[in-house]
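What follows is a single structure, written as structure tokens, with notes after it.
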Amino acid sequence: MILKAAMRLTATGAPGYRETLPCRPESAKRARLLVAAALDAWGIGELGCSGMQIVAELVNNSVNHTRSRAILVVIAREGRSVRIRVADKSRGVPVLRRPEDSSEEGRGILLVDTLSTSWGYDRKPWGKVVWAELRMADASPPEER
């Protein structure tokens with residue numbers, strides 16, 4: 001696939017990938033490629049649309065609301081879940097908002113909340129890690145579960 005050729009994945013362990021990116025708007029595209037390539041490598045590309053939108057929103061939040069020079073994007077598979085993390089050096093935390101219909105901003109974390117199974121943040125001495133989790137669909141039909 002073209003995405004695999006475009007990405008050099010850096011393994012983080014049990015399975016996971018990470019990349020340090022400049023804290024700039026164009027990094028959202030690189031983060032989307034990282035997520036798509038990792039999901040494809042794990043054979044769960046069906047999570048790609050949601051995963052790519054989530055990582056783009058998390059990267060854009062770092063770009064728009066922090067003064068970090070770099071961000072760290074990590075995608076890890078944890079059992080039947082995939083966790084996408086974006087770390088920056090800001091201690092300011094994301095807030096879920098319900099913007100007015102006419103508002104042009106403030107929907108990023110709302111999208112993350114809608115697309116993910118769960119999301120949150122972990123404060124660190126140097127900043128924070130914002131994460132969102134996607135759960136893989138069960139293979140069996142509902143009546144067999």
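The values are calculated or read from the model by the stated rules, or taken from the named source; none is laboratory data. Predicted model, so just to flag it, every value in this text is computed and none were measured. In case anyone asks, the SASA skips ligands and DNA or RNA and just uses the protein heavy atoms, side chains included. Shrake-Rupley method; radii C 1.70, N 1.55, O 1.52, S 1.80 Å.
Here are a few things to note about the model shown:
- Leu72 accessible area, assembled protein chains, probe 1.4 Å, Å²: 40
- Among Lys89, Lys128, Lys29, the order of accessible area from largest down is Lys89, Lys29, Lys128, computed with a 1.4 Å probe on protein heavy atoms.
- Using a probe of 1.4 Å on the protein chains alone, the accessible area found for Ser81 is around 10 Å².
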